[in-house]
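S.K.: Sharing a structure below in structure tokens format, with a few things to ask.
What follows draws every value from the coordinates through simple rules; no lab data is involved. Predicted model only: the values in this text are computed from it and were never measured. Using ideal geometry, Cβ is built from the backbone for each residue, glycine included, and neighbour counts are taken over all protein chains shown.
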Amino acid sequence: MGDFNEVAKVEGKKGGAPVNIFKCKIFISWIEDCNLIDLGAKGPRLTWKGAIWNGYDRIFKRLDRLLANNEWVCLFNEALVKVLPRTKSNHNPLLLMSGGLSANHTSRPFRFEAAWLTHGEFRNEVSSVWKKEVSMDENLANLTKHLKWWNQEVFRNIFKRKKQAMARLEGIQRALEVQSSTLIFLNHLSMRSVKTCQASYVSKFG
């Protein structure tokens, strides 16, 4: 899985000079000679954003892919590759889900989020729950329950905000592949969505 720096088909590139069909055939032959299968992907079709050269439209290519052999495909026959939105890199990251899109939405384990510290009332919320007269285990249990509620109702659930920002960013990047006439405007929106996504979600490591 990764950047193979080649496109396999004409539709694997948009903008710039025409696709070199001969190089496409060489790449496809290499995949076949290695007995590999392209698993495809769900999400934006083109995974790399390049520069604008010599008056052409901006270049987009499908450079990133996951290749697997028959044994792996049989072992993980429900595997799914998902193309995620670009944030800092000019490549879209790929997410491999070996079990496909699971319908089993189990509860997310509680995690402290550093972003909570940016809220002016966070320390007061902790102080209001933490009691000296009860045990550490009881305090932690009460605080966990309270912070889950506080994150949902007051802090507006940073995970939901991140998911919404990433979905908006993915839609903009899809449009960029098609609508070259609105390139500047959509690029502006894309950068705003990246900043929104980064501001909405801060890991516990900062």
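S.K.: Going through the cross-link list LYS61/LYS88; LYS42/LYS145; LYS13/LYS82, which pairs have a Cα-Cα distance over 25 Å in this structure?
M.R.: Working: LYS61/LYS88 17 Å; LYS42/LYS145 36 Å; LYS13/LYS82 19 Å.
Too far apart for the 25 Å limit: LYS42/LYS145.
S.K.: Further question: What is the set of long-range amide H partners of ARG65 at a cut-off below 5 Å, with H atoms built 1.01 Å from backbone N?
M.R.: Answer set, sorted by chain and number: GLY2, PHE4.
S.K.: Report ³J(HN,Hα) in whole Hz for each residue of region 60-73, in order, from the Karplus equation J = 6.51 cos²θ - 1.76 cosθ + 1.60 where θ = phi - 60°; Gly and Pro get x.
M.R.: 10, 9, 9, 9, 9, 7, 10, 10, 9, 8, 4, 4, 5, 4
S.K.: For THR87 and LYS23, what does the FRET efficiency come to when R0 = 41 Å and r is the distance between their Cβ atoms, rounded to the nearest 0.05? Write down the numbers at each step before the final one.
M.R.: Numbers: r = 30 Å, r/R0 = 0.72.
Calculated value: 0.90.
S.K.: With contacts defined as alpha carbon pairs under 8 Å and 6 or more residues apart, what's the relative contact order of region 1-119 in percent?
M.R.: Normalised by residue count, the contact order of region 1-119 is 25 percent.
S.K.: While we're here: Reachable aspartates and glutamates from LYS14, Cα under 14 Å, same-chain residues fewer than 8 places away excluded?
M.R.: Filter leaves GLU6, ASP57, GLU177.
S.K.: Test of understanding: what is the full-extension gain from CYS74 to PHE122, defined as 0.36 nm times their sequence separation minus their Cα-Cα distance?
M.R.: 12.3 nm
S.K.: What does the net charge come to around TRP130 if you take all other residues with beta carbon closer than 12 Å to its beta carbon, with K and R at +1 and D and E at -1?
M.R.: Values: positive: ARG123, LYS131, LYS132; negative: GLU125, GLU133, GLU138.
Combined, the nearby Lys, Arg, Asp and Glu give 0.
S.K.: Just to check I understand the Karplus step: with θ = phi - 60° and J = 6.51 cos²θ - 1.76 cosθ + 1.60, what whole-Hz values come out for region 150-155, glycine and proline as x?
M.R.: For region 150-155, the Karplus-derived couplings read 4, 5, 6, 9, 10, 7 Hz, x marking Gly and Pro.
S.K.: Can you list the HN-Hα couplings for region 86-92, worked out from phi with the Karplus curve (6.51, -1.76, 1.60; θ = phi - 60°), rounded to whole Hz and with x for Gly and Pro?
M.R.: Here the 3J(HN,Hα) series is 6, 10, 9, 7, 8, 10, 6 Hz.
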